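Q: Dumping the structure here so I can ask a few things about it.
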Amino acid sequence: MVFTSHFVDAGGVRTHWLEAGEGPVLVLMHGGGAGADSWGNWKDCIPTFARHFRVIAPDMIGFGKTDKPSPETYVYDQPGRNRHLADFLDALDLKGVHIVGNSMGGATAIGVALDRPDLLARIVLMGSAGLPIPPKPSPHLLHNLQYDFTREGMRRVIGGLTAPGFQPSDEMVEYRFQLLEDDAARAALNAINGETRKGTLNYDEERLKTIEHPVLVVNGKDDGVSIMPRAYRFLELFPNSWGYIVPHCGHWAMIEATEDFCGAVNRFLGVAP
């Protein structure tokens with residue numbers, strides 16, 4: 001499967017995305033962990049999804065090959081990510097797209113559903129941020145918030161984001177490590193983590209109740225970052241929601257349980273098995 005790489009101006013932000021396949025548009029939003037980007041999160045899923053969809057996987061602002069403005073002039077908070085995604089979809093003249101969001105990418109999908117509901121159709125939230133459950137960062141998340149820009153630190157980040165027993169390849173560790181061997185990327189990550197500690201990824205529950213889109217809430221049973229009670233609360237709040245729990249899986253269902261995860265998403269989006 002050949003992925004094509006593109007750039008577009010999205011509200012003044014030079015934004016990178018990967019694309020593959022044809023058909024209804026499916027947007028894949030990566031998470032906010034140290035070393036995250038569209039390729040690292042979604043490279044194993046894109047070939048499966050691209051059989052049925054035009055898959056578009058952008059790098060969020062501050063990540064991957066997308067612009068990383070100085071924290072002195074840009075606030076890396078959740079409202080900013082929501083605006084950036086809406087600007088990105090507008091720049092590509094897209095609306096009514098299906099979207100999958102992992103973690104911070106899930107919070108970004110939620111924000112667009114609230115602010116620009118016309119842009120989205122069906123929503124998949126996988127280990128999504130958006131609610132203060134748990135009320136303070138878990139030890140698993142602290143590995144990311146306290147990342148020290150070393151390879152061993154990256155292994156700790158990955159360990160916190162995956163189920164016990166997951167063994168990252170050396171290639172995975174090195175890829176994510178190298179994405180942060182740049183002053184602008186480091187400054188952006190530090191600013192993003194600072195805003196995360198303030199709780200800017202979270203939404204008021206009464207607002208969440210107003211989202212009418214069909215929503216599939218996916219969670220790893222062993223996710224120590226987006227814990228199971230958060231998934232259950234999302235299901236209580238979203239009026240048109242389904243749940244899918246993946247056993248022996250942490251925060252990265254797209255990597256830890258790729259076939260299971262892609263199958264659940266495809267069924268939710270109406271693809272015949």
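Q: Out of all DSSP beta bridges in segment 4-268, what portion is antiparallel? Express it as a percent rounded to 5. Walk me through the numbers before you get to the answer.
A: Numbers: 11 of 33 bridges.
If we restrict to bridges inside segment 4-268, about 35 percent are antiparallel.
Q: Quickly rank 31-42, 86-97 as a protection proxy: mean count of other C-beta atoms within 10 Å, highest first.
A: Numbers: 31-42: 25.3, 86-97: 16.8.
Result, highest mean Cβ count within 10 Å first: 31-42, 86-97.
Q: Over segment 4-268, how many pairs of lysines fall under 25 Å by alpha carbon, counting only those 8 or more apart in sequence or from different chains?
A: Lysine pairs, 8 or more places apart or on different chains, close enough: 12.
Q: Among residues other than His98 whose Cβ falls under 12 Å from its Cβ, what is the net charge (Lys/Arg +1, Asp/Glu -1)?
A: +3
Q: What is the dipole size for segment 79-217, taken about its Cα centre, with +1 at each Lys and Arg Cβ and -1 at each Asp and Glu Cβ, in debye to the nearest 20?
A: Dipole magnitude for segment 79-217 comes out near 380 debye.
Q: With runs of 4+ DSSP H residues as the only contributors, calculate the mean residue ellipticity of the chain at 222 nm using -39,500 (n - 2.57) per run, divided by the residue total and rounded to the nearest 500. Mind dumping the intermediate values first?
A: Details: 12 runs with 106 residues, N = 273.
It lands at -11000 deg cm²/dmol.
Q: Using a cut-off of 15 Å between beta-carbons, work out the net charge of the residues near Ala191 (Lys and Arg +1, Asp and Glu -1, Ala191 not included).
A: Charge balance near Ala191 sits at -1.
Q: For log10 I(q)/I(0) by the Debye sum over Cα atoms at q = 0.11, 0.16 Å⁻¹, one of [x] -0.62, -1.32; [y] -0.54, -1.28; [z] -0.57, -1.14 was computed from the structure I shared and the rest are decoys. Which label?
A: So the calculated entry is the one marked [y].
Q: Considering only Val173, Val225, Val217, give the residue with the highest GNM mean-square fluctuation for the chain, with springs between Cα atoms whenever their separation is below 10 Å.
A: Of the options given, Val173 has the highest mean-square fluctuation.
Here, each number is a calculation from the coordinates, and none is a lab measurement. Quantities reported herein were computed from a predicted structural model and do not represent experimental measurements. Cβ: placed from backbone, ideal geometry, glycine included. Neighbour counts: every protein chain shown.
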